[in-house]
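Reading through the structure tokens given below for one structure.
The values are calculated or read from the model by the stated rules, or taken from the named source; none is laboratory data. Values in this document were obtained by computation on a predicted structure and should not be read as measured data. Backbone-built Cβ (ideal geometry, glycine too); neighbour counts: all protein chains shown.
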Amino acid sequence: MAKAIFQPPRLRREECEEGERSATWLELFFDLIFVVAIAQLAHNFKSDFSFLGFAKLALLFVPVWWCWIGATFYDTRFDNDGLVDRLITLLQMAIAATIAANIHHGLSSSSVGFALSYIAFRGVLICQYLHAGYHVPQARQLTNWYAWGFAGSIVFWLASIFVPLPWRFLFWGIGLIIDFATPLTAGKRVVNVPPDMAHSTERIGLFTIIVLGESIVAVVSGVADREWTPVSVAIALLGLSIAFSFWWMYFDTVDASPLQAMKKGQMKIALAWLYSHLPLTIGLTATGVGVEKMIHGLKHDSASGEKFLFCLAVALCLLILSNLHWTSCELGQTKCKRILTFYRLGAAAFILALALASNILSSLVIITLVAFACAIQIVFDIFNTCP
């Protein structure tokens, strides 16, 4: 009985699984704490909807996203859903809760607490990799590489605590560069221990759903205190249509095949696809907040800066989607993916033009045209007859 409960980490090989792996109930429960963290980030950005506020959103979003990515990719390889794994997940959720709690003043009075929370989360991950390497010799080369690389990042995060603002953020940046570079330089070590591709793709998609959910929250929040009129109903539908369009564009056309390049040690292609999801999710979060600002602008027209920033967030999402399609072209899937790339680039150019004209266009016109530009992408995708 004890042997069944205290199971050591084991290597989860995709080809050895019985059927395609799906997200477990524990993984879905784990995601809930990141729903809270994303909501906190969105709330901060809503309070300071400006270019500086966007920079703050991005700076805090990166470590939150990286914590989720780290835990997810460990689980795809070594999770056995045993007692130890469940308790570690509980610990990670508690630490992630402290990260979320420190987000509101994460760049000022709570920056030390935010840094300590990040150090704790990544420290747990390092211990997991060392533990997995001890029990799974064939993975030890990779787990040691990750453990040492991530430990090097933690050194800078720990040193940042003793450095005054704003220099503290420079140490954060160096630490994050080391974090992101560690998988990028893993190369052939990953070939012997690749993650479960189908499971990884599903988990990344679930995080995208979490971020898209902020757009739904924004629409509800935006119309909650308004009188229900044909105009308010129409604007709510426009806001929902933007979120729906991005859902369609991502889940119907984004090809996860570049991630398969990990099996050949082509980490640049694989991680270009994976890391592109960071600005995409930042852009989707900003878009959700922007939708709420445009809805509020129906009563008192939004400032031109807010309209410009909303258009910029949507354009960013379209540009990143085009990059995801182009990354697939690197693997020979040229015709269809290039067509999709140009669709997204065209829509991004149109929305950037709207941004430049935001001072003469009302919030209603802006959100209507943005919704149209996103919806027309779906029409193009439907009639795209490429195999």
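Assorted remarks:
- Tally of residues being farther than 14 Å from Lys56 by Cα and either among the basic types (Lys, Arg) or touching a His at 6+ places or on another chain (Cβ under 8 Å) (or both) across region 105-124: 1
- Extreme residue, modelled with the lowest pLDDT, among residues of region 356-372 that are part of a helix (DSSP H, G or I) and surrounded by fewer than 21 Cβ atoms within 10 Å (Cβ to Cβ): Leu364
- Leu278 vs. criteria in contact (Cβ under 8 Å) with a residue 60 or more places away in the chain and either crowded, with 21+ Cβ neighbours inside 10 Å or in contact with a His (Cβ under 6 Å, 6 or more places away or on another chain) (or both): no
- Neighbours by Cβ (under 8 Å, 6+ apart or cross-chain): first from region 373-385, outside the structural domain of Phe251 (by TED's automatic domain parsing); second outside any helix (DSSP H, G or I) and at pLDDT below 90: none
- Options Ala286, Ala272, Ala256: the member that is surrounded by 23 or more Cβ atoms within 10 Å (Cβ to Cβ) and among the small types (Gly, Ala, Ser): Ala286
- For Asp81, the conditions (1) buried (at least 18 other Cβ atoms within 10 Å of the Cβ); (2) charged (D, E, K, R); (3) in a loop (DSSP other than H, G, I, E, B) all hold with the exception of (1).
Listed here are the residues, each with its yes/no results for (1) assigned by TED's automatic domain parsing to the domain that holds Cys317; (2) part of a helix (DSSP H, G or I); (3) exposed (fewer than 14 other Cβ atoms within 10 Å of the Cβ); (4) without any contact (Cβ under 8 Å) to a residue 24 or more places away in the chain.
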position: Ser215; (1), (2), (3), (4): yes, yes, no, no
position: Ala218; (1), (2), (3), (4): yes, yes, no, no
position: Gly222; (1), (2), (3), (4): yes, yes, no, no
position: Glu227; (1), (2), (3), (4): yes, no, yes, yes
position: Val233; (1), (2), (3), (4): yes, yes, yes, yes
position: Ala236; (1), (2), (3), (4): yes, yes, no, no
